[in-house]
1. Is there a residue in the stretch 236-252 that is touching a residue at least 24 places away in the same chain (Cβ under 8 Å), closer than 24 Å to residue 84 by Cβ, in contact with a helix residue (DSSP H, G or I) (Cβ under 7 Å, 6 or more places away or on another chain) and crowded, with 20+ Cβ neighbours inside 10 Å?
2. For the structure I just gave you, tell me whether residue 134 is surrounded by 21 or more Cβ atoms within 10 Å (Cβ to Cβ), within 17 Å of residue 77 (Cβ to Cβ) and touching a residue at least 40 places away in the same chain (Cβ under 8 Å).
3. Determine whether the stretch 266-275 contains at least one residue that is under 27 Å from residue 185 (Cα atoms), assigned to a helix (DSSP H, G or I), in contact with a helix residue (DSSP H, G or I) (Cβ under 8 Å, 6 or more places away or on another chain) and touching a residue at least 24 places away in the same chain (Cβ under 8 Å).
4. If a residue must be part of a helix (DSSP H, G or I) and free of Cβ contacts under 8 Å to residues at least 60 places away in the same chain, how many such residues does the stretch 217-230 contain?
5. Within the stretch 197-221, which residues are within 13 Å of residue 263 (Cα to Cα) and surrounded by 20 or more Cβ atoms within 10 Å (Cβ to Cβ)?
6. With the condition kept exactly as written, say whether any residue in the stretch 95-116 is without any contact (Cβ under 8 Å) to a residue 60 or more places away in the chain, touching a helix residue (DSSP H, G or I) at 6+ places or on another chain (Cβ under 7 Å) and surrounded by fewer than 16 Cβ atoms within 10 Å (Cβ to Cβ).
7. List the strands (runs of 3 or more DSSP E) inside the stretch 76-156, counting only whole elements, that have at least 2 residues being farther than 18 Å from residue 253 by Cβ and under 15 Å from the mean Cα position of the chain (by Cα).
8. Return only the number of the condition from (1) without any contact (Cβ under 8 Å) to a residue 60 or more places away in the chain; (2) out of contact with any helix residue (DSSP H, G or I) (no Cβ under 7 Å at 6 or more places or on another chain); (3) under 21 Å from residue 156 (Cα atoms) that residue 214 does not satisfy.
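The values are calculated or read from the model by the stated rules, or taken from the named source; none is laboratory data. Just so it is clear, the model here is predicted, and its values are computed rather than measured. Cβ atoms come from the backbone with ideal geometry, glycine included; neighbour counts cover every protein chain shown.
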């Protein structure tokens, strides 16, 4: 991916090297509220239940040796976020809308969010309540070694997917899905979550289409990197690796084939309207 000379976003919070400090919630209503907020937005509340709630403290913290190794990754992330800003500002403007740029938070280990406590083990996530995307850059090492999905465009796809969730939030799609899920059982709610995630994959493809047309960012093999990453983090792939069996009704993000298909859809069309996963048959 050609990114070295591109614009960098300034909507970045670098919390790497910060340590977690206790939040004095007393295990009462404050903890309960955070857990409910986390569940509302689809964030795993387990860290709250285990740790009682924490916030990041920067006093006396410094970037670690690993953080310094990650400087090139951080620079690439800033480019990708900046490029998504350029693309989505233009798309929203063409529709007579105003795009509200999100903030991306880089953290190490754990960090606080308006949706609850974020942990590196959760992977990258987006919090609708504070309009921020969160990533521990160590996830990229997991992509390379554990998921066998290396490459800078694979890494960019991950960021673009989370920004896709921000676009859904701005358009009111995320809120509508949440409201609908409250009236459904677990399996039906999971099926809606799959459609939401596949739409974010498609919107990531829309970004890649516009970015390449405007700035020629794609190099040979880049699309294959993203498709490989989409396949590696498909629900069926992950379940087969972790438990040896696949349970479709428990899917929340979509199969490898579905994730690849919807990224390709956005990439080939460049049109957000092509990403209507909710009315598509046989997603």
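1. No, the stretch 236-252 contains no residue that is touching a residue at least 24 places away in the same chain (Cβ under 8 Å), closer than 24 Å to residue 84 by Cβ, in contact with a helix residue (DSSP H, G or I) (Cβ under 7 Å, 6 or more places away or on another chain) and crowded, with 20+ Cβ neighbours inside 10 Å.
2. For residue 134, the condition - surrounded by 21 or more Cβ atoms within 10 Å (Cβ to Cβ), within 17 Å of residue 77 (Cβ to Cβ) and touching a residue at least 40 places away in the same chain (Cβ under 8 Å) - is not met.
3. yes
4. 2
5. Matches in the stretch 197-221: 197, 198, 199, 200, 201, 202, 203, 204, 205, 206, 207, 208.
6. So far as the stretch 95-116 goes, yes, one or more of its residues are without any contact (Cβ under 8 Å) to a residue 60 or more places away in the chain, touching a helix residue (DSSP H, G or I) at 6+ places or on another chain (Cβ under 7 Å) and surrounded by fewer than 16 Cβ atoms within 10 Å (Cβ to Cβ).
7. 103-107
8. Every condition holds for residue 214 apart from (1).
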